Every structure is written in C-alpha cells, then in structure tokens.
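Just below is one structure, and these are the notes that go with it.
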Amino acid sequence: MPALVFLNNYKILLGLLAILYIVFKYLHYRGMRKENAFDTFFVFIIIQALVQKAYYFYLNYQNFPSILEIILNLNIASDAFFLALIVNFLIAYSLSKRFRFSVYHILDSLTVSTIIFTFFYSFDFQNPLANLNLIYLFLVLIVLLTIKRNLISGFLSFAFVFLFTNISIIYSYSTNSLIFYILLNTMNALLILRRSKYMEKHLSSDFIENSKAKLIARREELIKEIEDIDNNGPRDMGDSDYIDEVMDDQDIENGKINKRFLTKVLEKINRALQRIDEGKYGYDQKTGQPIDKARLELFPEAEENVR
C-alpha cells in the first residue's frame, strides 16, 4: 500500500519524466540535435499546460473564487485528452518549421507522450479496476508500437487518432467531445492527404522501379568486383627483387581497402532494396524527410540528404 500511495502522489512527476525520456530519446535517435529535442519537450509541456488550463478555466470559472485557485488546481477537463491531441498537431507543425525536422517524427513522439502522461496522470494505482478505459488506451498504443517498424513515420499518430476518436464516438467519454472528434479527424485527414500526395509526386512507381533496376545492376557489378579482388590473391614472387615485393604488397593492401569500401556500398544497396520492398524508400533514415530526387537519381542507395 505505501508504494501505491507514493505512485498516486508522484504520478505527475513520473509522467513528466516519462515524456522527457520518450521525446528526447526518440527525436535524438531520429537525428534531431539534443538541444532541439529538449526544446521540443519544454515547448510541449508549456503549451499543453497553458491551453488545458485555459480550457479548464473556460469550463469551470464560475466554480472558483479566483484564477489563482484554478491555476493551482491539478484537475483538468474530462475531454482534455482530445484537446491535447489537437494541440499536438499544431506544435508538431510549428516545430518542424522551426527546426527543419520531420513533422511526422515530432507528431509521433508527442502523441506517444500524451498517451503515457494521461496514463500516469489519471491512473488510480490504489484501485486498478477503475481504470479500464486507460488500460484500453494503453493497449492500443502497445499494438501500434509493435507494428510501427512497418509504418512510415506519422502513421502511428494517424492510426491512433483514427481508432481512438471513432471508438470514442461509440463509447463517448464526454458530452463536449464531438467538436474535438471533427477537428482531430479533419487535421488527421489533411496530414495523411499531404503525406500521400507528396509521396506520389515525389517518387512515382516508375521512378522506384527504375531505382530498383539500377540497384540490382549495381549489386551484380559490386559482387563481381569483390570476387575479382578475392581471386587476385598474393602471387609467388620467387626471386623478384625488393621493389617488386613492395609493389605487390601495396597492391594487396589497396585491394583490401577497395574491398572494404565496395562491401559497405553493397550493404547500403541491400538496405535500399529492402526499403523498396517495405515501401519506405526515398526517406532520410535519421530525419524522416524525403531525400532529394536528384540525389536518388545519382545515388539510388542514398540513406540521407546532404547536410
């Protein structure tokens, strides 16, 4: 019991620490600079706190004698979760412009953070059976995280918003939520449309097929070059003089260096072919931003944009 009391008393702090870990680790892993990842965390917390407190004040100002009492009150409106998801879209879009980073990676990190914080904030650790809705929410997140590696960045957020809002229409959590359902699904649809249209415009199926053909042809060339290097092993120099031996050793060393380089390029080509099969070809592996088409035409195995 003392442990449960501790969790209930400090669950907000635990939620904030969880958000900091999620935002920082995910965005930094995807290529965002550390300071920008921390800035994303603080912007997310501050804006969410201001917006949700303003909304709580709007709904409950008549029940409190002063604004200070509302600010110090830790309660939030029953449909604040939906408002938080809407704000996430705006934060992600603004920060993507500010940091020149993928809006979809930021949106994914903020969506997961909102779910985790809501879980910690609202979960009653002393009465777990009273938290079925939160448990369902958490289970949906687990399922989406499990299949995330098969999704392009952003689609985790899209899938979650679509599933959760439509489930909420059937099992309404709040009488004021209808406007949030409409806004969330509208914003969701616009971002999905933007993503889909850009993907169609940026890399057509013909372009991807041509890139695949180039990669396969280049892979065959590299395999043959590596085999030639392996076949050109050390020769029996017999009574050759010192200079000939030095030159031969130099040729062998150059061959090893060349083989290492060719092997790395071959690995990149194999990864590019795998991304084509998974439908993830043409995106920077760190930032999630589309790789410039001209760069892909020259280097179809490219994994990152030029920086």
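The values are calculated or read from the model by the stated rules, or taken from the named source; none is laboratory data. What you see is a predicted model; the values in this text were computed from it and never measured. Using ideal geometry, Cβ is built from the backbone for each residue, glycine included, and neighbour counts are taken over all protein chains shown. The protein model used for the area step is the full one, side chains on, heavy atoms only, and it has no ligands, DNA or RNA in it. Shrake-Rupley method; radii C 1.70, N 1.55, O 1.52, S 1.80 Å.
Numbers below:
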read-out	value
Which numbered condition Phe119 misses (of (1) assigned to a helix (DSSP H, G or I); (2) at pLDDT below 80; (3) open to solvent by less than 20 Å² (accessible area, probe 1.4 Å))	(3)
So Tyr55, is it open to solvent by 60 Å² or more (accessible area, probe 1.4 Å) and modelled with pLDDT of 80 or more	no
Qualifying residue in the range 1-23 (condition: at pLDDT below 75, among the aromatic types (Phe, Trp, Tyr), farther than 26 Å from Thr146 by Cβ and outside any helix (DSSP H, G or I))	yes
Filtered residues of the range 66-104 (kept if touching a Ser or Thr at 6+ places or on another chain (Cβ under 7 Å) and modelled with pLDDT of 85 or more)	Ala84, Leu85, Asn88, Leu95, Ser96
Yes/no for Ser168 being modelled with pLDDT under 75, open to solvent by less than 30 Å² (accessible area, probe 1.4 Å) and either of a type outside the set (Asp, Glu) or assigned to a helix (DSSP H, G or I) (or both)	yes
Residue match in the range 240-250 (condition: among the charged types (D, E, K, R), part of a helix (DSSP H, G or I), open to solvent by 70 Å² or more (accessible area, probe 1.4 Å) and at pLDDT 75 or above)	no
Some residue of the range 212-224 being of a type in the set (Gly, Ala, Ser) and modelled with pLDDT of 85 or more	yes
Positions within the range 263-299 being in a helix (DSSP H, G or I) and charged (D, E, K, R), in sequence order	Lys264, Glu267, Lys268, Arg271, Arg275, Asp277, Glu278, Lys293, Arg295, Glu297
Long-range neighbours under 6 Å by Cβ, at least six apart or interchain, first residue farther than 10 Å from Pro300 by Cα within the range 203-217, second outside any helix (DSSP H, G or I)	Leu203/Gly282
Residue in the range 178-201 that is modelled with pLDDT of 75 or more, open to solvent by 50 Å² or more (accessible area, probe 1.4 Å) and among the acidic types (Asp, Glu) present	no
